[in-house]
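To start, the structure itself, in structure tokens.
The values are calculated or read from the model by the stated rules, or taken from the named source; none is laboratory data. None of the values given here were measured: they were computed from a predicted structure. Quick reminder, even Gly has a Cβ in these numbers, built from the backbone with ideal geometry, and neighbours come from all protein chains shown. Note: areas computed on protein heavy atoms with side chains; ligands, DNA, RNA excluded. Shrake-Rupley method; radii C 1.70, N 1.55, O 1.52, S 1.80 Å.
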Amino acid sequence: MNSFQKVSQALNLKNNIVYLGFLVIFGFFAIMLYDDGFLTSRNLSNIVLQTAPATIMAIGLVFALSAGEIDLSFGSIVAVSALTTAVVMQEYPIFIAVAAGMLSGLAIGALNGVLVAYLKLPSFLVTLATMGLFAGVARAMTNLRSIPAIDPNFTGFFGSGKLFGVPSLIIWTVVAVAVGHIVYRQSKFGAHVIATGDNARAAQVSGIHVNRIRLYVLSLSGACAGLAGILYTGRIQAAKYTLGEADLMIVIAAVIVGGTALNGGKGSIIGALVGSLLMGMLNNGLILMQYSVSQQMMVRGLIILVAVAISLRDVSR
Amino acid sequence: MNQQAPVLELKKIRKTFGAVVAIQDFSLELYAGKVTALVGDNGAGKSTLVKIMSGVYSPTSGDILLDQEPVKFKNSSTARAKGIEVVYQDLALCDQQPVYMNLFLGREYTKSPIPVLDRKRMVKETEALVKELDVRIPSALSAISDLSGGQRQGVAIARATHWAEKLILLDEPTAALGVAETARVESIIQGLKARNIAIFIISHSLDQVFRLSDNICVLRQGVQIGVRETAKTDKNEIVSMITGLSY
Ligand SMILES: Nc1ncnc2c1ncn2[C@@H]1O[C@H](COP(=O)(O)OP(=O)(O)OP(=O)(O)O)[C@@H](O)[C@H]1O
Ligand SMILES: [Mg+2]
């Protein structure tokens, strides 16, 4: 065992990488960007607000990955749900519009789930296909136009406003993470999801309905993406087909860096939250450092590569 | 030889897969507190019989009687609900999960009124059970992947023991183990007899069969060749029954 392995084992580096990475990058930006206002409460709360939709998508993805499935379609679901909500809101009350947006996400997720669980198609290919399919649907829905959603009741509850003096996006994040964490760690359902991803045959002979679990996790991932689309719409007060487009890499990176296994059986909702905040902080810091958009993309890609490599590196291999 | 009634009785079981006849005209009785061993060459139909008894397959024809009542198992869940547990050849454990979650896989305890997992109670029962069965594992919290082959087998047997009310089926429980670990697992199986459940074990090791069993049933190409009391037979007789050649 070389010294790097010893140190990494002592710190349990693999399992805690996300917290360590978060602190290191936070410290780096705090020093480097002190004069640019990185540490101001306004900037820090901005990071949390901006990552709220990604965090909620990440929660759904933790369930899907833990059950041994992957969802690549959530970015497209975000756009469909956002546009559905904004379009319906033009004619109907807010709660109907929000319900329609959520339902569209749930329905696409359930479609993924049925194809995977009952037609026995691999989730990678199913969700790759529905990602493309619904990216097209989102473009066609409004002919590439963006739809405004400026009702203050809507934006107040789902985006830019405050509830009880706290920004509503922070409340959504906290509630979603808390509920997600409890369901994942403390419920029978969570245990069955993890068992299905760990050893599907063992779960099945133990009486767990593994196909039902697969349907549920992909539906849940779709519903989370649906909610994320609504929150995006509330925050920018409009829906557009480009919403969610850039989230695929960021959300997968957040989840993997946060300690969820790509091949099932292991995951963490809190880790995904911190991973998502880490991605948001990177985004924010790189902008403050005045990197150009193309430079930001390259730096972000490299940092994700390093982070994922450390989290996934199998020392025994 | 047995005064009591059999726990499980197979009557003229036949199982075909298309044109392949895997089991024909198989009858057997299993008794509480007794170990019955099933021996036979590769492809004789042993695993198929286990799957019939555990509800994975339904027989093409023939009857299964549980406590002398005819039963039809729709799937493995119905057999499990009636007190029949299986230790599968591949163990069917979730490697990344702790021992106690495997023991309660699919049957987790929850608290009331809010149904959150009752981990404390599951850990406590796991600790009591592994102590009672003398399965030597570091802790109920250890992940399966950190255990040795014998310890894993012990966990799989402990799980079956915990839930079996009538019958435990073991499909080659020591096939992948070394000498010392085999001895550990055998002593665990010996300990199960005291629990007054019927035990049915498949093994390719005749030494093991003679160490553990009360009765030996021989299967050749799907046909039951005969049942012998272990104390009243010897290896030569069993080998000639398995192969069909006389010595
Ligand atoms: N699902 C199936 N479909 C078709 N044929 C099958 C099926 N399962 C078993 N068979 C056949 O039934 C016969 C008995 O198989 P089985 O697995 O029960 O043997 P076994 O005695 O357990 O052998 P081994 O000692 O190698 O484990 C074999 O000829 C096998 O090819
Ligand atoms: Mg077999």
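May I ask you to verify whether B:Leu38 is open to solvent by less than 10 Å² (accessible area, probe 1.4 Å), of a type outside the set (Phe, Trp, Tyr) and either more than 16 Å from ligand 2 (Cβ to nearest atom) or more than 23 Å from B:Leu206 (Cβ to Cβ) (or both)?
No, not satisfied.
Determine whether the stretch B:105-119 contains at least one residue that is in contact (Cβ under 8 Å) with a residue 24 or more places away in the chain, within 12 Å of another protein chain (Cβ to nearest Cβ) and closer than 19 Å to B:Ser54 by Cβ.
yes
Return the residues of the stretch B:108-142 that are under 24 Å from B:Asp171 (Cβ atoms) and at pLDDT below 95; say none if nothing qualifies.
Scanning the stretch B:108-142 gives B:Leu129, B:Val130, B:Glu132, B:Leu133, B:Asp134, B:Val135, B:Arg136, B:Ile137.
Out of the stretch A:257-276, which residues are away from every other protein chain (no Cβ under 14 Å) and at pLDDT 90 or above?
Answer for the stretch A:257-276, where residues must be away from every other protein chain (no Cβ under 14 Å) and at pLDDT 90 or above: A:Gly258, A:Ile269, A:Ile270, A:Gly271, A:Ala272, A:Leu273, A:Val274, A:Gly275, A:Ser276.
It is to be established whether one or more residues within the stretch B:127-134 are part of a loop (DSSP other than H, G, I, E, B), away from every other protein chain (no Cβ under 14 Å) and closer than 20 Å to B:Ile189 by Cα.
yes
I'm trying to understand the selection: among the residues of the stretch B:7-25, which are open to solvent by less than 70 Å² (accessible area, probe 1.4 Å) and either outside any strand (DSSP E or B) or under 25 Å from B:Asp207 (Cβ atoms) (or both)?
B:Val7
Does B:Asp95 qualify as being within 13 Å of chain A (Cβ to nearest Cβ), within 18 Å of the chain's Cα centre (by Cα) and not aliphatic (A, V, I, L, M)?
no
Identify the single condition in (1) within 15 Å of ligand 2 (Cβ to nearest atom); (2) touching a residue at least 40 places away in the same chain (Cβ under 8 Å) that B:Phe17 does not satisfy, given that it satisfies every other one.
Against the list (1) within 15 Å of ligand 2 (Cβ to nearest atom); (2) touching a residue at least 40 places away in the same chain (Cβ under 8 Å), B:Phe17 comes up short only on (2).
Hey, B:Phe73 hits all of (1) in contact with a Gly (Cβ under 8 Å, 6 or more places away or on another chain); (2) more than 14 Å from every other protein chain (Cβ to nearest Cβ); (3) among the aromatic types (Phe, Trp, Tyr); (4) more than 15 Å from ligand 1 (Cβ to nearest atom) but one; which does it fall short on?
(2)
What tally of residues in the stretch B:176-230 results from selecting those that are touching a Cys at 6+ places or on another chain (Cβ under 8 Å) and either within 16 Å of B:Ala160 (Cβ to Cβ) or within 16 Å of ligand 1 (Cβ to nearest atom) (or both)?
So the count comes out to 1.
Can you pull out the residues in the stretch B:148-183 that are surrounded by fewer than 20 Cβ atoms within 10 Å (Cβ to Cβ) and away from ligand 2 (no atom under 16 Å from the Cβ)?
Hits for the stretch B:148-183 are B:Ser148, B:Gly149, B:His162, B:Trp163, B:Glu165, B:Lys166, B:Leu177, B:Gly178, B:Val179, B:Ala180, B:Glu181, B:Ala183.
Only one residue in A:Ala254, A:Ala261, A:Ala272, A:Ala228 is open to solvent by less than 20 Å² (accessible area, probe 1.4 Å) and either touching a Lys or Arg at 6+ places or on another chain (Cβ under 8 Å) or outside any helix (DSSP H, G or I) (or both). Which one?
Exactly one residue qualifies, and that residue is A:Ala261.
Go through (1) within 16 Å of ligand 2 (Cβ to nearest atom); (2) open to solvent by 40 Å² or more (accessible area, probe 1.4 Å) one by one and return the number of the condition B:Pro70 breaks.
Going through (1) within 16 Å of ligand 2 (Cβ to nearest atom); (2) open to solvent by 40 Å² or more (accessible area, probe 1.4 Å) one by one, B:Pro70 breaks only (1).
Only one of A:Ser219, A:Ser187 is among the small types (Gly, Ala, Ser) and away from chain B (no Cβ under 14 Å); which?
From the options A:Ser219, A:Ser187, the qualifying one is A:Ser219.
Restricting the first residue to the stretch A:280-304 and requiring it to be touching a residue at least 12 places away in the same chain (Cβ under 8 Å) and within 20 Å of A:Val255 (Cα to Cα), which pairs with a second residue that is open to solvent by 50 Å² or more (accessible area, probe 1.4 Å) and part of a loop (DSSP other than H, G, I, E, B) meet a Cβ separation below 8 Å and a spacing of at least six or different chains?
A:Val299/A:Tyr291
Among the residues in the stretch B:51-67, are any on the phi > 0 side of the Ramachandran plot, part of a loop (DSSP other than H, G, I, E, B), open to solvent by 20 Å² or more (accessible area, probe 1.4 Å) and more than 14 Å from chain A (Cβ to nearest Cβ)?
yes
Answer with yes or no whether B:Arg80 is among the basic types (Lys, Arg), out of contact with any strand residue (DSSP E or B) (no Cβ under 8 Å at 6 or more places or on another chain) and more than 16 Å from ligand 2 (Cβ to nearest atom).
yes
Restricting attention to the stretch A:231-248, which residues are open to solvent by 50 Å² or more (accessible area, probe 1.4 Å) and among the aliphatic types (A, V, I, L, M)?
Answer for the stretch A:231-248, where residues must be open to solvent by 50 Å² or more (accessible area, probe 1.4 Å) and among the aliphatic types (A, V, I, L, M): A:Ile236, A:Ala246.
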